[in-house]
Amino acid sequence: MRPPRVHLVHGPTPIMHLPVLDQLIGAEVWVKRDDATAGAESGNKIRKLEFLLADAMAREARMVVTCGGLQSNHARATALACARLGMRSTLLLRVPDPARARAAPLELAGNVLLDRLAGAEIVFISPDEYRERGAMLEQARADAEYRGLPAYVVPEGGSNGLGSLGYVEAMREVRQQLDLGLAAGPRFDVVAHACGSGGTAAGVGLGAARYDVAREAWAFAVCDDSAYFKKTIARIAIEARGHDPSLPEVAFVEPGSGESVAPDRAARIIVDDRAKGPAYAVMSDEQKRFLVRVARATGLVLDPVYTGKALFGVAQAVARGEIRAGARVLFLHTGGLPGLLAQGDELRALLDR
Ligand SMILES: *Cc1c(COP(=O)(O)O)cnc(C)c1O
């Protein structure tokens, strides 16, 4: 049985080719505009929420509980989508010092402004508590039920097997766009994107193999490391096959390792953690300059947490010869604009010139 789905994404999202970007990167880069899946709730998360919130509604939830960093795009998308669908939301947001955050007035910028606008209840949690986020989410669910609100837990990033089906469907959408001739070729060599909780990577890997969209899927980690994400993506892919047994196996391959290593028809996934920069949500100076250069040369606005690092990673992989010069790359622009708008001060020095 196909899992139920609610309609949140204005699709198909466009695929764009910007010749100036090809020169900056050294490959033939096509950009799938998943930063434009919708309005303020836009980005990759609502593809997963189409399945997750349909499940919440099927279970008659009145409250949805989820978690993320303070400027979480996922939390914001969940809060807005819940408001649309008539459910309440509770967001467990990670901050360095929850007691201090509770004492000071909340700085209403970027995603947090939209969270509050959507009426979400915000609970600050510490980095230590965040490591136990499964238990924290379960506690918040129990608290809501105690208040008489049947509650549904959406995991970090919406990244479980059910959520990842949103990106299997996105790859089906790309297959249709290729068949219509919208990307000047039968398939891509590589599909590349940022990876923060693994659900997009699992869905893209599985969907790209299933629909013959690209030979390899590159997931650029923006936190944790390759070992963590291989484990996480493998687990999510197994869950996804529980919902859809026809999905392929996953094989993790190393950058530039050629065709031979993976079994036929398996989803070939590369996890690359070399572009994650100094810290989560912090860019190196080189990455900042890259983000500014791309915006000024093409009008394409990347974000400092995810897409700026991932496209920088693509450029590095081409420079190293791990992605062949001139290869056809589909870059998934997964969103994140509100996070950029909350980081103006980090870019000031580069923009004053
Ligand atoms: C969440 C997010 C990602 C990463 O997706 P995951 O499925 O969490 O790995 C990439 N880009 C943006 C803008 C995001 O908000």
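Between 0 and 90 degrees, the angle of helix 161-179 with respect to the longest Cα principal axis of the chain falls at about 40 degrees.
Under a 5 Å amide H cut-off, with hydrogens placed 1.01 Å from N, residue 280 pairs with nothing among residues at least 5 apart or on other chains. In a solvent-free Debye calculation with one equal scatterer on each Cα, what is log10 I(q)/I(0) for segment 97-147 at q = 0.21, 0.27 Å⁻¹, listed in the order of the q values? Debye intensities relative to I(0), on a log10 scale: -0.96, -1.12. As a length-normalised measure over Cα pairs under 8 Å and 6 or more apart, the relative contact order of the chain settles at 20 percent.
Once you list every other residue whose beta carbon is under 11 Å from the beta carbon of residue 34, what net charge do they have if Lys and Arg are +1 and Asp and Glu are -1? For residues surrounding residue 34, the net value is +2. In the chain, the longest principal axis of the Cα atoms and the axis of helix 226-243 are about 80 degrees apart. As a ratio to 2.2 N^0.38 Å, the alpha-carbon radius of gyration for segment 238-297 is 1.67. Would you mind checking the tilt of helix 133-146 against the longest principal axis of the Cα atoms of the chain, expressed as 0 to 90 degrees and rounded to 10? That works out to roughly 40 degrees. The three principal axes of the C-alpha atoms in segment 109-184 carry coordinate ranges of 53, 30, 28 Å, sorted with the longest axis first. The simple Förster model, with R0 at 51 Å and r as the Cβ-Cβ distance, assigns residue 121 and residue 325 a FRET efficiency of 0.50. About its Cα centre, the chain has a charge dipole of approximately 380 debye under the convention of +1 per Lys or Arg Cβ and -1 per Asp or Glu Cβ, with nothing else charged.
Along the axis of the charge dipole computed for segment 45-158 (Cβ charges of +1 for Lys and Arg, -1 for Asp and Glu, origin at the Cα centre), the listed residues 49, 92, 151 are led at the positive end by 49.
The 3J(HN,Hα) values that the Karplus relation (6.51, -1.76, 1.60; θ = phi - 60°) gives for segment 115-129 are, in residue order, 4, 5, 4, 6, x, 5, 8, 9, 10, 7, 10, 7, x, 5, 5 Hz. Gly and Pro appear as x. For segment 45-158, taking the reciprocal of the average inverse distance between every pair of different Cα atoms yields a Kirkwood hydrodynamic radius of 13.8 Å. Taking every alpha-carbon pair in the chain and binning the separations at 10 Å intervals from zero gives 6, 26, 36, 23, 8, 1 percent. If you take the Cα centroid of segment 300-353 and the Cα centroid of segment 118-156, the two points sit 32 Å apart. The magnitude of the dipole of segment 45-158, with charges of +1 and -1 set on the Cβ of Lys/Arg and Asp/Glu and taken from the Cα centre, is near 300 debye. In the neighborhood of residue 156, defined by Cβ-to-Cβ distances under 15 Å, what is the net charge if each Lys or Arg adds +1 and each Asp or Glu adds -1? It works out to a net charge of +4. Mean projected area of the Cα convex hull of segment 149-282, taken over all directions, amounts to 9.8 nm². Taking the helices alone, the chain has a mean residue ellipticity at 222 nm of -13500 deg cm²/dmol, built from -39,500 (n - 2.57) per DSSP H run of at least 4 residues and averaged over all its residues.
Entry note: segment 295-339 has Rg to Rh equal to 1.00, where both radii use alpha-carbon atoms and Rh is the Kirkwood radius. Descending by average beta-carbon neighbour count within 10 Å, the peptides 182-191, 58-67 line up as 58-67, 182-191, the highest first.
At 7 Å along Cα-to-Cβ for each site, give me the label-to-label distance between residue 103 and residue 85 in nm. Placing both labels 7 Å along Cα→Cβ, they lie 3.9 nm apart.
Rule-based calculations on the coordinates, nothing more; no lab input. In this text the structure is predicted, and so the values were computed from the model without any measurement. For neighbour counting, all protein chains shown are included, and Cβ atoms are generated from backbone atoms with ideal geometry for every residue, glycine included.
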